[in-house]
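Worksheet: one structure, shown below.
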Amino acid sequence: MTEHVRVIIIGSGPAGLTAAIYAARADFNPVVLEGEPSSTSDQPGGQLMLTTEIENFPGFVDGILGPELMGNFRNQAERFGARMHGAKAARIDLSGRHAAIWASDATSQEPTYTADAVIVATGARSLMLGLDNELRLVGHGVSTCATCDGFFFRGHRIAVVGGGDSALEEALFLTKFAESVTIIHRRDSLRASKIMQDRAFASPKISFLWNRQVTALHEQGGSLSGVTVQDMAGGAEERHDFTGLFVAIGHAPNTDVFKGQLEMDDLGYIMTQPGSTATSVRGVFAAGDVQDHIYRQAITAAGSGCQAALDVEKYLAAQEA
Ligand code: NAP
C-alpha cells in the first residue's frame, strides 16, 4: 500500500541526513530512503562510509571515523522523528501533483510513497579502477580524496591514477606530504588544463608513468604495499612499491533514476536555481554532491542539506497558505 508523506529524502550522506535533522525538527516526520545496506555503491551513509579518519569536519578536535560520524548524523535525525528506510529509490515519477517513489522494487504496481516534497541527496561516486581488492583497500592505502587523506601519507611513495585536472590537483596537493608522487596515465598526453600541466611538470616531486594501467594492488597486513602496472599495449608488467594510491579518474553523480525528469548539466549533475536548492520541478529540491561537482566536501554537503530542508519548509508553508 502506498504511504503518503510530507517530505521524503533520498540519500543518507551528510546532505540527506542534515536535511533529515532539520525536516524532522520542523515536524515533517520525513522518511529517509537511505540505500541498500548490502550494497557497496548505494550503501547507507554515502561516501564517508568508505573513509577512515576525518580530521576536517568542524567540531571534532581529534578527528572522527567516517562511519562513526555518519552514525551520529543518523542517530540525531532519528532522535527528532526521521524514519529510516533501508532501500534505494528504484523508480521515481515526478510528473504528477505528488512525487511518487518506488523503494527497492521498480516493477510493483503502486509506488511505496507519495510525497508533498522531495529532497534529492543521492550524492556522487568516485569512479574506480574495478580491481578485485580495490574497495577493501579504501582507507588502507587507497583513496579518492587527497584533501581528506593526504595528511596520512606523510613520507610515502604515492601514485595517482588519471590524467585530468583532478589527478593533477591531487598530485600537486600530495607533494606537500609525500616523498614522491607518480602519476600513472593511460595515454601519453594529459587531459588536464595547461596551467595544471605546467605546475605538475615543474614539481620536482612529481614523475609520470605514461601509457600504463594499474592491473593489480598488493597488500600486506591489510594495507596497500605495492602496485602492478602494465603497458597499455599489453606489454611487460612492472611492480612498484607505492604505499598510497589515489584514484582520480572522475566522478559520476547518482542521478540515473531522475534522467528525463530533472534538469541536469552535461555531466549529469542536477541543476538548482541560483541561491536556492530548488530543481526544475516544483517541490523537488537537491542537496550535496548530486548538485555540486566543485566543492564535494562533507561540510558543504551538510550545509546544502540544511538549505534544502529550509527551502522545503518555506515551500510547504506557501502551499498551505
Ligand atoms: P576527467 O577530466 O574526466 O579526467 C579523467 C581522467 O581519468 C582522464 O585523464 C582519463 O583518461 C582518466 N581515466 C578515465 N577512466 C579511466 C580508467 N578506467 N583507467 C585509467 N584512467 C582513466 O575528470 P576530472 O579530472 O575529475 O575532471 C572533471 C571535471 O572537473 C573536468 O571538467 C575538470 O576540468 C574539472 N576540474 C577542474 C579542476 C580545476 O580547475 N582546478 C580540478 C578538478 C576537476 P583519458 O584522458 O585517456 O580519457
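Does THR147 fit the bill of being part of a loop (DSSP other than H, G, I, E, B), more than 10 Å from the ligand (Cβ to nearest atom) and in contact with a helix residue (DSSP H, G or I) (Cβ under 8 Å, 6 or more places away or on another chain)?
When the stated conditions are applied, THR147 does not pass them.
Quick one: would you say THR144 is over 20 Å from GLU53 (Cα atoms) and of a type in the set (S, T, N, Q)?
No: the conditions fail for THR144.
So which of LEU131, LEU168 is surrounded by fewer than 24 Cβ atoms within 10 Å (Cβ to Cβ) and among the aliphatic types (A, V, I, L, M)?
Only one candidate qualifies: LEU131.
Which condition number does GLY275 fail, the rest of (1) in contact (Cβ under 8 Å) with a residue 12 or more places away in the chain; (2) of a type outside the set (A, V, I, L, M, F, W, C); (3) on the phi > 0 side of the Ramachandran plot being met?
Failing condition for GLY275: (1).
Consider only pairs whose beta carbons are under 9 Å apart and that are at least six residues apart or on different chains; among these, list those whose first residue lies in the stretch 16-37 and is in a helix (DSSP H, G or I) and whose second residue is modelled with pLDDT under 95.
Partner pairs satisfying both residue conditions: GLY16/GLY46; LEU17/GLY45; LEU17/GLY46.
All but one of (1) surrounded by fewer than 24 Cβ atoms within 10 Å (Cβ to Cβ); (2) touching a residue at least 24 places away in the same chain (Cβ under 8 Å) hold for GLY288, so report the exception by its number.
(1)
Give the residues of the stretch 118-143 that are within 22 Å of ALA286 (Cβ to Cβ) and either in contact with a Leu (Cβ under 6 Å, 6 or more places away or on another chain) or not in a strand (DSSP E or B) (or both), sorted by residue number.
Scanning the stretch 118-143 gives ALA121, THR122, GLY123, LEU127.
May I ask you to say which residue of SER193, SER225 is within 16 Å of the ligand (Cβ to nearest atom) and among the small types (Gly, Ala, Ser)?
SER193
The values are calculated or read from the model by the stated rules, or taken from the named source; none is laboratory data. Worth saying up front: this structure is predicted, and the values here are computed from it rather than measured. All Cβ positions, glycine included, derive from the backbone under ideal geometry; neighbour counts span all protein chains shown.
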